[in-house]
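First the structure, then my questions, so here it is.
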Amino acid sequence: VKTIYRKDYVAPGYWVDTVEMGFDLHPQRTHVATRLHMRRNHDSAEKDLILFGEDIQLHQLRLNGVDLKRSAYQRNKERLIISNAPDTVVLEIETSIAADKNTTMSGLYVSNGNFFTQCEAEGFRKITYFPDRPDVMATYTVMLRADKKQFPVLLSNGNLIEQGDLGDGRHYAKWEDPFKKPSYLFALVAGKLVCQEEKYRLKSGRKVLLQVWVEEGNLDKTQHAMDSLKNSIRWDEERFGLELDLDRFMIVATSDFNMGAMENKGLNIFNTKYVLANSRTATDADYAGIESVVGHEYFHNWTGNRVTCRDWFQLSLKEGLTVFRDQEFSGDLVGNATGRAVKRIEDVRILRQHQFPEDAGPMSHPVRPDSYAEINNFYTVTVYEKGSEVVRMYYTLLGHEGFRKGMDLYFQRHDGQAVTCDDFRAAMADANGRDLSQFERWYSQAGTPRVKADGEYDAKRHVYRLKLSQACPATAGQDHKLPFHIPFAMGLLQQDGSEFALQLESGKAHPQAPRSIILELTQETQEFEFHHIEHEPTPSLLRNFSAPVILDFDYSDAQLAHLLAHDSDAFCRWEAGQRLAMRRLLKLVKSVQNGEALALDDMFVEALRKTLVDANLDPAFRELVMTLPSEVMLAEEMEIADPHSIHQARRFVRASLAQALKAEFLSVYQDHLTPGKYKPDAVSAGKRALKNCALSYLLEWSHESTYELAYTQYFEAENMTDKVAALSAMLHCSSALQPQYQARRAEVLQDFFDEFQHEALVIDKWFSLQACAPSTDVKQIRQLMKHKAFSLANPNRARSLIFAFCNANPAQFHAADGSAYELWGDAVIALNKLNPQVAARLARSLDRWTKYPVAQQEMMRAALQRVATTKGLSKDVAEIVNKALA
Ligand code: HT7
Ligand code: ZN
């Protein structure tokens, strides 16, 4: 498989100024006529005119009005090269595509009888020959022609400038996008769709048309997406002074989509999962997901579309920045400090659960990768979530105003351009008169840095000395790392839980000094002295998770309990609880392995009890504290992961807490019922989260009455959040398999299926719940794969069953006989033929295979090798398995 390197970037030999396209849409054979106005780029070392094309039929090629003979150009499976072309070129290309046979969901494809496109990253080349690279920006005019009955709606980017009848049952629509864009932002949609629409008034007074398009029957599920879109428009105006530049903005939902959504200019295409919601079918998490993805795609209009990436190595320029913007958007929408903190903790959890393992595994890569074989494999948690943390560090270092100045300068300098991560960093530095050269290492060095903190209290001098040291483990191709520029937020807690004033210089005491500060760690080791510290403090470190690092500090249990009870920084408060839990869980795993008796100490139970019943704390925050570190996180903490012992240890802690706190859980459950009309806002969702957390604990305490509670909640629930929570508790609790509950379990599962069989997104939940249940083994997964509602070809369905099992049910996935690895291999191989992008995602479930005991490793290696040697392997899957085996 050929590797592409960042260092080999060469500017394109030709620019494209305008693109005119005509589509004759037929599912079996769509005819595409393209006219490109091109001009030589005299600054480029590339002298040829290079076009990319894949899986398309070429019918005609005309250069400046003259048909090009076959000998006038070179063509292989990927490229078409014209040498010695003149400086100014009008190129006319005729191609055709079998969209109905396209199962890859990249390029032009058919879903449920409707046409959709997906052009990021390199899908446009499956539609026509084109210099399909993000630094070639052009304006597009697009004519769509199709059968009027079958495809009554014809959409593309920009503004509708003409439409009409063609006779013989066909009609047309002509669209013009006035903004220059790269080809990956091209889109068309054609089919039987209906929309919710609204005229919306921008701050400037200009009116815009907003539309959410869905299949018929789904108009009762579009309101939240529309509300989220309006909130996004307002937020970007207020927070960043960025206005919607088009007169029309459309969102279209499809149930066949490889990712979450796509930010095509003026015509965002979404996975139905991130559009459709009503209280009957969607959970609080679904509502929150819709808000953040609608926001994310909308924010791309400026960070991604108006200013785009020079090449795909710069992907985090748009993705890291846009994730940061959507995280801030959701945090701001909650509207209070605790709500913001809850959102921050949730985001950090995702980073630790997914990105930290990626950074420690065979796919570890810098936020700005240096090479790739298949760019689709680099839409990763590192590029997105760690990329967002990198942007957040500018925000932390420069402050609210400073960051805004940097953003303003970035748009002032680069509107309409395709640029690099260095350009963004330069804008941040220049707007603030700061030297951010060392900050570049966050883009170029892979791996998760570790920061070791050591504190020493000098009771005589009333000085607290904090020593910070950083180190970053070696990663593929990067043996030695240089120190990072790390913003390190911290505070010092007094015995009564209040905070000391933080004074780094000696001399007179300044009681007005700040209680929370940001230290800048730029060397391998640095020391900081805090003066006028009257007694030994409890350090509150890495507040708000101010940098994507692992913090090592030798906290005592008492210090952690103190932080959990008092820290004003909600992140550190939550973190203290997680550390207490992690410490115990890891010890218990050892006890399970050694066949020792298990026990949980009162101190821990008491610390959690206090949080659980503290009515002054936000319910959403209490739920986060009561949620133990996941099995995946525990595995990452171990030298050799042991999923079965981890599962037992975690189960034991949950059952012990349930036993010790059953009265508290019961009253929390009863106090947080949210009767009345369902509202998805953060406060109501937080109450439901705490209530359902209590319910899940109550079911760990194996007793008829608690099982009954879940059973009743299931049947009485008036919203999907409560229904799914009850079902989940019944399937996932330790008593789930006891014979007396078997019938009820089967009954609710059947009831759920019967009620929602026509709601695809709910049936995805039905598969997922079973896939993640601790009692579901490989055999049952194979059975579920034969279910009439299962289809491997639909990415959402494949994710709901197979991905969920392989990634979120570690104790069963790592069954001792290796049978689940075989299932994984079968599914990757089958998906490879249908949809290489999705296959490659699944292939990553074995990334951490070297972390397991030798016997398991051998079986995983064999499974990886079976896939690696499969005939006709896509470069997507080949890159993943070859890296895993390297
Ligand atoms: N920018 C979008 C990326 C995307 C994508 C990439 C590869 C293959 C299919 C895809 N669908 C969407 C999504 C986003 O980050 O907003
Ligand atoms: Zn994005």
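Kindly rank 400-408, 595-603 from highest to lowest mean number of other beta carbons found within 10 Å of each residue.
Output ranking for 400-408, 595-603: 400-408, 595-603.
What's the exposure ranking of Val334, Val367, going from fewest to most Cβ atoms within 10 Å?
The fewest-first ordering by Cβ neighbours comes to Val334, Val367.
Could you calculate, for the range 308-444, the ratio of the Cα radius of gyration to the Kirkwood radius, expressed as Rg to Rh?
0.97
While we're on this one: Taking the inverse of the average 1/r across all pairs of different Cα atoms in the range 450-547, what Kirkwood radius in Å do you get?
Radius from the Kirkwood sum: 14.4 Å.
Right, next: Return a whole-number percent for the relative contact order of the range 450-547, with Cα pairs under 8 Å and 6 or more residues apart as the contact set.
36 percent
Is there a pair in Lys318/Lys386; Lys181/Lys318; Lys199/Lys230; Lys174/Lys318 whose C-alpha atoms are over 20 Å apart, and which pairs would that be?
Over 20 Å apart, Cα to Cα: Lys174/Lys318.
Sort 718-727, 213-222, 182-191 by packing, meaning the average of other beta carbons within 10 Å per residue, with the highest value first.
The peptides rank, most packed first, as 182-191, 718-727, 213-222.
Next question, about the same structure. For the range 271-373, just run the numbers: alpha carbon Rg, then divide by 2.2 N^0.38 Å, N being how many residues it has.
Taking the Cα Rg and dividing by 2.2 N^0.38 Å, one obtains 1.22.
Based on the Cβ-Cβ distance of Gln670 and Ser630, what FRET efficiency does E = 1/(1 + (r/R0)^6) give at R0 = 25 Å, to the nearest 0.05?
Step by step, r from the Cβ atoms, then E = 0.35.
To continue, here is another question. Using the Cα centre as the reference, give the magnitude of the dipole from point charges on the C-beta atoms of the chain (Lys, Arg: +1; Asp, Glu: -1; all else neutral), rounded to the nearest 20 debye.
My answer is approximately 1500 debye.
At q = 0.04, 0.05, 0.06, 0.07 Å⁻¹, what is the log10 ratio I(q)/I(0) for the chain, with the Debye formula run over Cα points and no solvent?
Evaluating at q = 0.04, 0.05, 0.06, 0.07 Å⁻¹ gives log10 I(q)/I(0) of -0.19, -0.29, -0.42, -0.58.
Based only on other Cβ atoms within 10 Å, what is the fewest-to-most ordering of His535, His562, His485?
Sorted ascending by nearby Cβ count, the order is His535, His485, His562.
Can you give me the distance in nm between label points at Gln412 and Lys679, each placed 7 Å from the Cα along the Cα-to-Cβ direction?
About 4.2 nm separates the two model spin labels.
Hey, fewest Cβ within 10 Å first, where do Val136, Val383, Val153 land in order?
Val153, Val136, Val383
Any lysines with Cα under 24 Å of the Lys467 Cα? List them, leaving off those in the same chain fewer than 8 positions away.
Counting by Cα, and skipping residues close in sequence, Lys467 has these lysines nearby: Lys452, Lys481, Lys508.
State the Kirkwood hydrodynamic radius of the range 705-849 in Å, one decimal place, computed from all pairs of distinct Cα atoms.
Its Kirkwood hydrodynamic radius stands at 15.9 Å.
Return a whole-number percent for the relative contact order of the chain, with Cα pairs under 8 Å and 6 or more residues apart as the contact set.
8 percent
List the aspartates and glutamates whose alpha-carbon lies under 15 Å from that of Lys679, not counting same-chain residues fewer than 8 positions away?
Qualifying aspartates and glutamates at Cα under 15 Å: Asp227, Asp284, Asp286, Glu291, Glu718, Asp722.
At 0.36 nm per residue, minus the direct Cα-Cα distance, what do Thr88 and Arg434 gain on full extension? Give it in nm, one decimal, please.
The Thr88-Arg434 span can extend by a further 120.2 nm.
Gap in Å between the Cα centre of the range 141-200 and the Cα centre of the range 343-369?
39 Å
Right, something else. How far is the Cα center of the range 505-576 from the Cα center of the range 819-886, in Å?
Taking the Cα centre of each part, the range 505-576 and the range 819-886 sit 44 Å apart.
Just want to confirm a number: the relative contact order over the range 1-142, from Cα pairs under 8 angstrom separated by 6+ residues, in percent.
In percent, rounded to a whole number, it is 30.
May I pose another question? Need one number: % antiparallel among DSSP beta bridges in the chain, to the nearest 5.
The antiparallel proportion sits near 80 percent.
Here's another thing I want to ask about it. Taking the simple approach of a point 7 Å from Cα along Cα-to-Cβ for both Arg583 and Ala808, what is their distance in nm?
3.1 nm
Along the Cα-to-C-beta direction of Asp220, a point sits 7 Å from the Cα; which residues of the range 748-762 have their amide N less than 17 Å from that point?
754-762
Under 18 Å between alpha carbons, and skipping anything fewer than 8 positions from Lys786 in its own chain: which lysines qualify?
In chain and number order, the partners are Lys765.
Work out Dmax and Rg for the range 503-542 from the C-alpha atoms and quote the Rg first, both in angstrom.
11.4, 31
While we're here: On full extension of the chain, what length is gained from Asp165 through Glu534, given 0.36 nm per residue of separation minus the C-alpha to C-alpha distance?
Contour length minus the Cα-Cα distance gives 124.5 nm.
May I pose another question? Taking Cα centroids, how far is the range 1-41 from the range 413-439 in Å?
29 Å
Here is a follow-up. Which loop-located trypsin sites (Lys or Arg not before Pro) does the range 822-886 contain, where loop means any DSSP state but H, G, I, E or B and the Cβ has at most 13 other Cβ atoms within 10 Å?
Those that pass, being in a loop and sparsely packed, are Lys871.
Next question, about the same structure. Putting +1 on Lys and Arg Cβ atoms and -1 on Asp and Glu Cβ atoms, find which of Gln523, Leu492, Gly455 reaches farthest to the positive end of the dipole of the range 450-547.
Highest projection toward the positive end goes to Gln523.
While we're here: Under a plain spin-label model, where a point goes 7 Å from the Cα along Cα-to-Cβ, how far apart in nm are Leu482 and Asp43?
Going by the 7 Å Cα→Cβ label model, 2.6 nm.
Just so you know, all these numbers are worked out from the coordinates, no wet-lab data involved. Keep in mind it's a predicted model, so treat the numbers as computed, not measured. Every residue, glycine among them, receives a Cβ derived from its backbone with ideal geometry; neighbour counts consider all protein chains shown.
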